[in-house]
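J.: Pasting in a structure now, in structure tokens, and then I'll have a few things to ask.
Coordinate-derived values only; no laboratory data. As the structure is a prediction and not an experimental result, all values here were calculated from the model. Cβ placement follows ideal geometry from the backbone for every residue including glycine, while neighbour counts extend to all protein chains displayed.
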Amino acid sequence: MLMAALTLLSPMRANAQELICTVQILSSQIQSSDKRAFETLRKAIYEFMNTRKWTNDQFRTEERIECSILINITKWNKLDLWEGTMQVQVRRPIYNSSYNSRILNINDQDCIFTYLEYDPLEFSESTHISNLTSILAFYAYIILGIDYDSYASKGGNPYFQKAQSIANNAQAAPEPGWKAFENNKKNKYNLVENILNQIYSPYRECLYHYHRHGLDVMVDDVNTGRLTILESLESLMPIHIRQRSSYILQVFFDAKADEIVKIFTEAPPDEQARVIKLLNKIDPANTTKYVKIIKK
């Protein structure tokens with residue numbers, strides 16, 4: 001059962017940066033005997049994400065947001081031009097427990113940038129200087145926004161707005177991923193536009209209620225927490241009705257599908273039937289996963 005192994009946390013008091021971001025660079029598709037540049041790139045990204053101050057808030061060490069970036073390099077000109085994909089994941093601790101819930105799992109297919117080994121990573125909130133740093137800063141603010149939204153209704157607004165500004169600044173960039181009308185609609189521009197669009201506000205409200213009034217209370221009251229999670233999932237139906245297979249629903253279920261299965265495996269039969277009926281309708285891509293809810 002999902003919550004069976006939860007244990008109390010002992011807090012530590014200290015000021016810290018906001019993110020604790022692990023970075024991995026995959027290069028198996030690159031034919032090169034010298035992989036030093038890949039490690040240099042990894043270290044540069046790690047420093048950029050973890051040492052920069054992204055908010056005006058004070059974070060304690062245990063409050064740092066756990067996240068990860070995995071870049072799979074598929075092309076490299078052996079100098080400064082890199083192409084690949086980027087996976088960004090974010091995890092959130094659950095109240096009074098040792099369990100971390102994945103709240104974001106994005107696979108960005110448009111990761112193209114220039115980086116010359118040992119060059120500093122420069123970034124400006126008002127100007128598009130580098131595609132690499134714009135991508136990294138964009139996702140730093142998306143990470144913050146998602147995390148803040150999970151603790152307070154629409155709490156991530158300031159950070160989503162910063163991410164949107166980065167996307168707007170990059171409209172003249174030659175690299176893909178920043179514009180509304182590209183072949184790949186599942187890009188950075190549409191991600192933050194969907195998040196801030198009032199039409200898709202049930203997504204953000206679901207994030208809040210699912211975590212703050214669902215998972216966060218399950219240690220003390222499993223039944224109440226689970227029912228709140230079910231009701232928060234049902235609140236996503238208006239998005240499905242308005243736009244089937246919407247990007248923002250895919251973003252949600254890419255992060256939560258496996259966890260939802262674990263949560264409802266121990267639910268009463270009526271809740272299982274209710275959630276399966278809902279999920280098969282609004283998230284048909286994961287139907288084979290949801291079958292496991294009723295398989296003992």
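J.: Taking 0.36 nm per residue of sequence separation and subtracting the Cα-Cα distance, how much length would be gained by fully extending the chain between Gln161 and Leu81, in nm to one decimal?
T.: Length gained, Gln161 through Leu81: 25.9 nm.
J.: Mind checking Rg over Rh on the range 203-294, alpha carbons, Kirkwood formula for Rh? It would help to have the intermediate numbers written out before the result.
T.: Numbers: Rg = 12.2 Å, Rh = 13.1 Å.
Value, to two decimals: 0.93.
J.: Here's another thing I want to ask about it. Over the range 84-196, what lengths in whole Å, largest first, do the semi-axes of the equivalent ellipsoid take, defined as the square roots of 5 times the eigenvalues of the alpha-carbon gyration tensor? Walk me through the numbers before you get to the answer.
T.: Numbers: eigenvalues 128, 51, 39 Å².
Square roots of five times the eigenvalues give 25, 16, 14 Å.
J.: Also, quick follow-up: Of Lys75/Lys281; Lys186/Lys292; Lys188/Lys281; Lys185/Lys277, which pairs sit farther than 30 Å apart, going by alpha carbon to alpha carbon?
T.: Too far apart for the 30 Å limit: Lys75/Lys281.
J.: Another question, then. Are any of the pairs Lys53/Lys78; Lys256/Lys289; Lys179/Lys289 more than 23 Å apart by Cα-Cα distance, and if so, which?
T.: Over 23 Å Cα-Cα: Lys53/Lys78; Lys179/Lys289.
J.: Follow-up. Considering all alpha-carbon pairs of the range 16-166, what whole percent are spaced by more than 19 angstrom?
T.: The calculated P(r) of the range 16-166 puts 54 percent of pairs beyond 19 Å.
J.: Please state, to two decimals, what the Cα-based radius of gyration of the range 179-256 comes to when divided by 2.2 N^0.38 Å (N = residues).
T.: For the range 179-256, the normalised Cα radius of gyration comes out at 1.23.
J.: For the range 19-104, just list the percent of Cα-Cα distances falling in each 10 Å bin from zero outward, please.
T.: Final binned percentages: 15, 40, 27, 14, 3.
J.: Binning every alpha carbon pair distance of the chain at 10 Å from zero, what are the percents per bin?
T.: 6, 27, 33, 23, 10, 1
J.: Share of Cα-Cα pairs in the range 30-76 beyond 14 Å, in percent?
T.: More than 14 Å apart: 64 percent of the Cα pairs in the range 30-76.
J.: Something else now. What percent does the relative contact order of the chain come to when contacts are Cα pairs within less than 8 Å and at least six residues apart?
T.: It rounds to 14 percent for the chain.
J.: With each label point set 7 Å from Cα along the Cα-Cβ vector, what nm distance links Lys295 and Gln171?
T.: Placing both labels 7 Å beyond Cα along the Cβ direction yields 4.9 nm.
J.: For Ser32 and Ala285, calculate 0.36 nm times their separation in residues minus their Cα-Cα distance, and state this gained length in nm to one decimal.
T.: Extending this stretch completely gives an extra 87.3 nm.
J.: Using the Kirkwood formula on the Cα atoms of the range 134-189, what hydrodynamic radius do you get, in angstrom to one decimal? Working shown, then result.
T.: Details: mean 1/r = 0.0859 Å⁻¹.
About 11.6 Å for the range 134-189.
J.: Taking only C-alpha pairs under 8 Å that are 6+ residues apart, what is the relative contact order of the range 203-294 in percent?
T.: On the way: 83 pairs, mean separation 22.9, N = 92.
Dividing the mean separation by the residue count of the range 203-294 yields 25 percent.
J.: Compute the helix-to-body angle for 269-282: its Cα long axis versus the longest principal axis of the chain, expressed 0 to 90° and rounded to tens.
T.: Result, in degrees: 40.
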